[in-house]
Each structure stands twice: as structure tokens, then as C-alpha cells.
Amino acid sequence: YIEEDSRSFADLRIAEAVAMLDAEPAEPISLSDLSMRFRMSESAFRRQFKTVTGVNFRRYRLWAKLKLAAELVHANHTFTDAAHEAGFSSSAHLSFAYRSMCGVAPSAMLAIMKDGVRRSDVLE
């Protein structure tokens, strides 16, 4: 019973951490910062974060930054501006992260987003 209550409390803390990451993906928030904020050890925070989200902290943070960058590019920001606003050091860093995470270059995804381009045309 006590263990279940503490677990749901930890879930609420992780949910709040996720909300913070989603709201400000470009902010340089570390796992250490969040674990201290929520009064958890780093290992407990890391473990609970993965249990709740299904991915590790670093990967989730990267996904949030990539999502922001994609939204900015879609809103007609330059690729370089989107990279910097999303917290990447350069457009090359954003490209590398995107290719590593998604398996294709960001330019391929941008082409897919444009009218008349089929996914198979881009990936061939």
C-alpha cells in the first residue's frame, strides 16, 4: 500500500517534469536539475522517468527539441534559426540528431511535407 502511494506520487513528479520539457524544450534542463527539483535521487528519477514515458530522459529531451525544430521549420523559420531556437548548437547538429533519431535526413522529411512529394520518391 505505501509503495503504491509513493509510486503514484513519483508518477506525478515525472508528469510534471515531462510537462516542463514539453513547454520549454530548448532550455538546458538536466536530469540532475530535475531530480533535485523533485527531491529524487538521479537513479530513481532516471528509472521512474523511463517507466512512465517508455524512453530514457536524454531521448525524450531530444525528441522534444526535434519536435520544436520541426514546428519552427514548418512555420517558415530557416533551418538554422529553428536549430538554434530549439537548443541545438548548429543546423549541422540538428541534422545529425534528426538523422540519428529518424533514419532520414531532415531535408527528406521537409520534402515529404511539401505537396506532391511521395515518401517513396524521397527515400529512394
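Points worth noting:
- Ligands, DNA and RNA aside, Ser100 has an accessible area near 80 Å² when probed at 1.4 Å.
- Applying the Karplus relation 6.51 cos²θ - 1.76 cosθ + 1.60 with θ = phi - 60° to the range 74-83 yields 3J(HN,Hα) values of 4, 8, 6, 6, 5, 4, 5, 4, 4, 4 Hz, where x marks Gly and Pro.
- List His84, His74, His93, ordered by accessible area with a 1.4 Å probe, largest first: His74, His84, His93
- Each Lys or Arg adds one and each Asp or Glu subtracts one; over the other residues with Cβ under 11 Å from the Cβ of Glu85, this totals -1.
- Prolate/oblate/rounded call for the range 43-108, Cα gyration tensor, a/c under 1.5 rounded: prolate
- Of the residues Arg13, Arg58, the one with the largest accessible area comes first in the ranking Arg58, Arg13, computed with a 1.4 Å probe on protein heavy atoms.
The values are calculated or read from the model by the stated rules, or taken from the named source; none is laboratory data. Only a predicted model underlies this, so the values are computations on that prediction, with no experimental measurement involved. Note that we place each Cβ from the backbone using ideal geometry, even for glycine, and neighbour counts take in every protein chain shown. The area values use the complete protein model at the heavy-atom level, side chains included, leaving out ligands, DNA and RNA. Shrake-Rupley method; radii C 1.70, N 1.55, O 1.52, S 1.80 Å.
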